[in-house]
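*Asks:* One structure is given below, represented as structure tokens, and several questions about it will come after.
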Amino acid sequence: MAEASLPRRYFEDIFKGDTDPWGLASRDYERRKFDHSLSVLAGRRYDQGLEVGCAGGVFTERLATTCSSLVAVDISARAIEQAAERLAPLGNVRLERMDFPGTRPAGAFDLIVLSEVAYYWSDGDLDRCAAFVRESLERGGDLLLVHYTGPTDYPQTADGATDRLWTGLSDILDRRSDERRGRYRLDLWRRGC
């Protein structure tokens, strides 16, 4: 049982010495994962999207093409600064520094993306995230989860975090995709109409 989420300082320190700490802008693995993530959305257009854990905005930039409006949040102020530079030309993205799920954006969303973030959270924060999705994901809306499945020292594993979220949401969401590709898993769940 994970009792504590990784703190904000952990992420600020990661971005302090490296503008692309996970190689999101430079690694073929990340590009292929982003391609796959977008392809599973099957060309669907969303009115209001939310991306939790936007880091420097690399995936955000691509995700913005699927949304009329996109809110992108991250716990790290440094990450938000980098994302702001990258995303400045886009008029449909709003960035917020936010300690999600302790702090949550207002509004309703027809797309929520949790890519490489849920395993950083405690059991309690995963439950808070499930409650947020229950309150904020519109009928017919999609929840996309993408997580690295290799060994880490994070509070959760990809499977553990995803399973806990599914337990809290399985009564309102349907599985549309649950795939494993090399070192990550991708799950797409849709809220019934």
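*Asks:* Determine whether S5 is touching a residue at least 12 places away in the same chain (Cβ under 8 Å), of a type in the set (S, T, Y) and farther than 27 Å from G124 by Cα.
*Replies:* Answer is no for this residue.
*Asks:* Do we have R139 as farther than 16 Å from L6 by Cβ, loosely packed, with under 14 Cβ neighbours inside 10 Å and of a type in the set (K, R) here?
*Replies:* Judged against the criteria, R139 is a match.
*Asks:* So, one more: List, please: which pairs have Cβ atoms under 7 Å, are six or more places apart or on different chains, and start with a residue in the stretch 157-173 that is in contact (Cβ under 8 Å) with a residue 12 or more places away in the chain and over 15 Å from L186 (Cβ atoms) and end with one that is in a helix (DSSP H, G or I) and of a type in the set (D, E, K, R)?
*Replies:* As it stands, the answer is R164/D123; G168/D127; L169/R134; I172/R134, since those pairs meet every condition given.
*Asks:* Any idea which of G91, G160, G192 is farther than 22 Å from T60 by Cα, small (G, A, S) and exposed (fewer than 13 other Cβ atoms within 10 Å of the Cβ)?
*Replies:* G192
*Asks:* Ok, one more. Taking only pairs six or more apart or across chains, which ones have beta-carbon atoms under 9 Å, a first residue in the stretch 96-111 that is surrounded by fewer than 18 Cβ atoms within 10 Å (Cβ to Cβ), and a second residue that is among the polar types (S, T, N, Q) and assigned to a loop (DSSP other than H, G, I, E, B)?
*Replies:* As it stands, the answer is E96/T103; R97/S76; D99/S5; G102/S5, since those pairs meet every condition given.
*Asks:* I need the full set of residues from the stretch 32-57 which are charged (D, E, K, R) and crowded, with 16+ Cβ neighbours inside 10 Å, in order please.
*Replies:* Result: K33, E51.
*Asks:* Please specify each residue of the stretch 1-20 satisfying the condition of being surrounded by fewer than 13 Cβ atoms within 10 Å (Cβ to Cβ) and of a type in the set (K, R).
*Replies:* R9, K16, listed by residue number.
*Asks:* Here is a further query. Within the stretch 163-189, track down each residue that is touching a helix residue (DSSP H, G or I) at 6+ places or on another chain (Cβ under 8 Å), acidic (D, E) and surrounded by 13 or more Cβ atoms within 10 Å (Cβ to Cβ).
*Replies:* D187 - this is the single residue of the stretch 163-189 that is touching a helix residue (DSSP H, G or I) at 6+ places or on another chain (Cβ under 8 Å), acidic (D, E) and surrounded by 13 or more Cβ atoms within 10 Å (Cβ to Cβ).
Each value in this text was obtained by applying a stated rule to the coordinates, not by laboratory testing. Bear in mind the structure is a predicted one, so any value in this text is a computation, not a measurement. Because the Cβ atoms are built from the backbone with ideal geometry, glycine has one as well, and the counts that use them run over all protein chains shown.
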